[in-house]
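The values are calculated or read from the model by the stated rules, or taken from the named source; none is laboratory data. Because the structure is a prediction, the values reported are computed rather than measured. Neighbour counts are summed over all protein chains in view; Cβ atoms, including those assigned to glycine, are modelled from backbone coordinates with ideal geometry. These area figures cover heavy atoms from the full protein model, side chains too; ligands, DNA and RNA do not enter into them. Shrake-Rupley method; radii C 1.70, N 1.55, O 1.52, S 1.80 Å.
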Amino acid sequence: MSDVTLSSKSTKPLHSINKCGAEETAACCCVDVGTIMDNTDCTASYSHVFATEAQANAMLNSLTEKARSVESEPCVIESRMEKVEGGVELNIDFTFSCQAETMIFQLALR
């Protein structure tokens, strides 16, 4: 495919947008999707201090259910609970099979 195209109203060549690199496009403020989503960030993390362990467990169960509804392959869920001043700290890492699932999960929590 040529990197130059002809306009139907003119005989002068026009530069095609195919010449643009991955970090830029012919349109303003646009980037190639592959520049943003390259499957290097497939983990979403959650951290919160709850007053009780029961509240922390309820949130863990709720977030696990949401992660399971997004996954195409089993999501790896690693959770830790630690007693801290003021309650129980819950830390969870959700590792999905691809970055798109991670983003869908994060957006569902907003």
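Can you name every residue in region 68-102 that is under 22 Å from Asn39 (Cα atoms), in contact with an Asp or Glu (Cβ under 9 Å, 6 or more places away or on another chain) and hydrophobic (A, V, I, L, M, F, W, C)? It would help to see each step written out before you state the result.
Taking region 68-102 and keeping what is under 22 Å from Asn39 (Cα atoms), we get 68-78, 92-102.
Next cut, in contact with an Asp or Glu (Cβ under 9 Å, 6 or more places away or on another chain) only: 70-73, 75-78, 92-99, 101-102.
Residues satisfying the conditions are Val70, Cys75, Val76, Ile77, Ile92, Phe94, Phe96, Cys98.
With respect to Ser47, determine if the residue is of a type in the set (Gly, Ala, Ser) and modelled with pLDDT under 90.
Working: of a type in the set (Gly, Ala, Ser): yes; modelled with pLDDT under 90: no.
For Ser47, the condition - of a type in the set (Gly, Ala, Ser) and modelled with pLDDT under 90 - is not met.
Which residue pairs have Cβ atoms closer than 6 Å, lie 6 or more positions apart in sequence or on different chains, and pair a first residue in region 76-87 that is over 11 Å from Glu53 (Cβ atoms) and touching a residue at least 12 places away in the same chain (Cβ under 8 Å) with a second residue that is of a type in the set (S, T, N, Q) and open to solvent by 70 Å² or more (accessible area, probe 1.4 Å)?
Listed pairs, sorted by first residue: none to list.
For the condition more than 17 Å from the chain's Cα centre (by Cα) and in a strand (DSSP E or B), what is the one hit in Leu60, Leu90?
On the way: Leu60 fails: in a strand (DSSP E or B).
After applying the criteria, what remains is Leu90.
Quick one: count up the residues across region 64-87 that are part of a strand (DSSP E or B) and either among the basic types (Lys, Arg) or open to solvent by 40 Å² or more (accessible area, probe 1.4 Å) (or both). Outline the logic, then answer.
Looking only at region 64-87, we keep the residues that are part of a strand (DSSP E or B), and these are 76-84, 87.
Still in the list and also either among the basic types (Lys, Arg) or open to solvent by 40 Å² or more (accessible area, probe 1.4 Å) (or both): 76-84.
Total meeting the criteria: 9.
If I filter region 34-44 down to residues being among the polar types (S, T, N, Q) and assigned to a loop (DSSP other than H, G, I, E, B), which single residue comes out as modelled with the highest pLDDT? Spell out the reasoning first.
If we filter region 34-44 for residues that are among the polar types (S, T, N, Q), which is where we start, we get 35, 39-40, 43.
Narrowing the set further to residues that are assigned to a loop (DSSP other than H, G, I, E, B) leaves 39-40.
Details: Asn39: 76, Thr40: 79.
This residue is Thr40.
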